[in-house]
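The next block holds one structure in the form of structure tokens; read it before the comments.
Bear in mind that the values in this text are calculations on the coordinates, not laboratory data. This one's a predicted model, so the numbers in the text were calculated from it and none came from an experiment. In this analysis, Cβ positions are derived from the backbone assuming ideal geometry, glycine residues included, and neighbour counts consider all displayed protein chains.
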Amino acid sequence: MRGYLVLRVIAKLLIPFILVFGLYVQFHGDFGPGGGFQAGVIVAAAIIFHALIYGLPRTRLVVPEWVVETLVAAGLLLYIAVGIASMLMGGGFLDYSVLMHDPVHGQHRGILLVELGVGISVAGVMLMIFYMFAGRSRTPDSEK
Amino acid sequence: MNALDLINYWIAMMLLVTGLYIVIARGNLVKKLVGLSIFQTSVYLIYISPSKIIGGTAPIIAPGVELYSNPLPHVLILTAIVVGVATIALGLALVVRIHEAYGTIEEDEIHAQDQDGE
Amino acid sequence: MTTTLINTALLLMMAATVIGIVRLRNLFAVVILGSLYSFLMATIFLVLDAVDVSMTEAAVGAGVTTVLLLSTLYLTKSEEAKPSHTPILPLAVALVTGGLLVYGTLGLPEFGSPDSVIHQHVAPRYLEQGPEETGVPNVVTAVLASYRGFDTLGEVTVVFTGGIGVIVLLRRRWRADRTRDHK
């Protein structure tokens, strides 16, 4: 893709907008269609777009593998941390009403944090799967 | 009007049966996984079709709207879609490893190589 | 009436796409038709008022699944072999199953009526008290994250496990050009 100037310029213009749209879908999932899953896939799609146009080694410099592995685990950890925090504050596991002074605000905050955890984990997993598939070489190898 | 209402379900059943046919009749592993994906998607349609109420709208509470479609099947299918993509990704990773081990992704040739090896 | 027409047109297009997927042997064309099928399915979900599901199906089905299938085709072959024998038994099984399922749909409630049983007990309670109890207008997000939060925890765990499984299967071999210098 190195010689295609139009594709590279359009990619440079579009990728920030796709990332901002992913963040919009994540945080406005309460008031309109959206939520964690959709936002995670949109953010992963933006980075896959970058890898398709600029090549996988350059994308590995922008978003290294250790970042993606951390994202995969951090989302699930955030979800469980919200559950344990509500246990520490006196309620049951994943009982969001005790998270703040007011049950309704507590529920809203709990939903926001949980959807963020879901979005981070889904983005990390989609990106990790793409890195694994695209980074595999075709030539036969002697050791596995 | 009744037959035209049922056409939603009939075509969803036809898609399900076609996905099943691709999985059991074709020998190519990648095509089997595409058939599995068609099968899964038709099941989503079978779940979402009964949740629609004629005259209702999307289940996002807004002032001035009275009738909403049922939100429960949406929740179930949202989970099912993401689980489905994880399944397909694992299946494709297995296909890649099978190709590296056997040199082919046709089921008949893999069986033949296994039986020769025994 | 227009909703029924749009619905029927989209469903017939999906049926034609699926018949194309069965008949074609070039796997690249099969993958592109699969992506088209996911897109049509997302449009039907939108017509049936399932907006969250439509967005997820479009992003996941037409996006991620297509990219993964194309990567797999790059790593393996992209042409299906000719079938050696005509599949009579699978065709018979498929037709019998289809007949039984179509017979089963005659017992389903009328399409789109607000009095059918699934709209009676749990859904009205979520629709009425969801925004007051959780402060979130999108009832699907409220049910997904708060009322049925345990299911979503299990689902994130399944996605995590899928990612770990792919890492375990595909980790070792790097591309040869990783050692080359890229400016």
Which length gain, in nm to one decimal place, applies between C:Leu95 and C:Ile19 when the Cα-Cα distance is subtracted from 0.36 nm times their residue separation?
25.9 nm
Placing unit charges on C-beta atoms (Lys and Arg positive, Asp and Glu negative, everything else neutral), compute the dipole magnitude of the protein assembly as shown about its Cα centre in debye, rounded to 20.
1760
If all Cα-Cα distances of the stretch A:3-52 are sorted into 10 Å bins from 0 onward, what percent lands in each bin, rounded to whole numbers?
28, 45, 21, 7, 0
Rounded to the nearest 0.05, what FRET efficiency is calculated for A:Thr70 and B:Gln113 with R0 set to 35 Å and r the Cβ-Cβ distance?
0.30
Between C:Leu169 and C:Lys82, take the C-beta separation as r, use R0 = 30 Å, and let me know the FRET efficiency to the nearest 0.05.
0.50
Cα-based Rg/(2.2 N^0.38 Å) for chain A, rounded to two decimals, is 1.30
Compute the Rg to Rh ratio over chain C from the alpha carbon atoms, using the Kirkwood formula for Rh, and round to two decimal places.
1.05
Relative contact order (percent, whole number), chain C, Cα cutoff 8 Å, 6+ residue spacing
13
List the DSSP H helices in chain C whose Cα atoms stretch 20 Å or more along the helix axis and whose mean Kyte-Doolittle hydropathy is at least 0.0.
C:2-23, C:27-47, C:88-105, C:149-170
How far, in degrees from 0 to 90, does helix B:107-117 lean away from the longest principal axis of the Cα atoms of chain B, to the nearest 10?
30
Can you give the average number of partner chain beta-carbon atoms within 10 Å of each beta-carbon in peptide A:48-54, as a whole number?
1
Work out, in µm²/s and without decimals, the Stokes-Einstein translational diffusion coefficient of the protein assembly as shown at 25 °C, 0.890 mPa s, Rh from Kirkwood over C-alpha pairs.
105
Explain nothing, just the number: dipole magnitude of chain A about its Cα centre with +1 on each Lys and Arg Cβ and -1 on each Asp and Glu Cβ, in debye rounded to the nearest 20.
780
Rounded to 0.05, the calculated FRET efficiency for the beta carbons of A:Leu23 and B:Ile7 at R₀ = 35 Å is 0.30
So what is the diffusion coefficient of chain B in µm² per second by Stokes-Einstein at 4 °C and 1.567 mPa s, using a Kirkwood Rh over Cα pairs?
75
Based on other C-beta atoms within 10 Å, arrange A:Met132, C:Met14 from fewest to most.
A:Met132, C:Met14
Quick one: which of C:2-10, C:61-69 comes out on top by average Cβ neighbours within 10 Å, and what's the full order, highest first?
C:61-69, C:2-10
In terms of the charge dipole of the protein assembly as shown, which places +1 on Lys and Arg and -1 on Asp and Glu at the beta carbon, the residue among A:Thr70, A:Met132, A:Ser86 farthest towards the positive end is A:Met132
Spatially close lysines, pair count over the protein assembly as shown: Cα under 22 Å, gap of eight or more or interchain:
6
What is the mean number of Cβ atoms from other protein chains located within 10 Å of the Cβ atom of each residue in peptide C:99-112, rounded to a whole number?
5
Relative contact order (%) - the stretch C:1-80, alpha-carbon pairs under 8 angstrom, separation at least six
34
Tell me the Kirkwood hydrodynamic radius of the stretch C:1-80 in angstroms, computed as one over the mean inverse distance between distinct C-alpha pairs.
13.4
Mean residue ellipticity (222 nm) of chain C, computed from DSSP H runs ≥ 4 via -39,500 (n - 2.57), nearest 500:
-21000 deg cm²/dmol
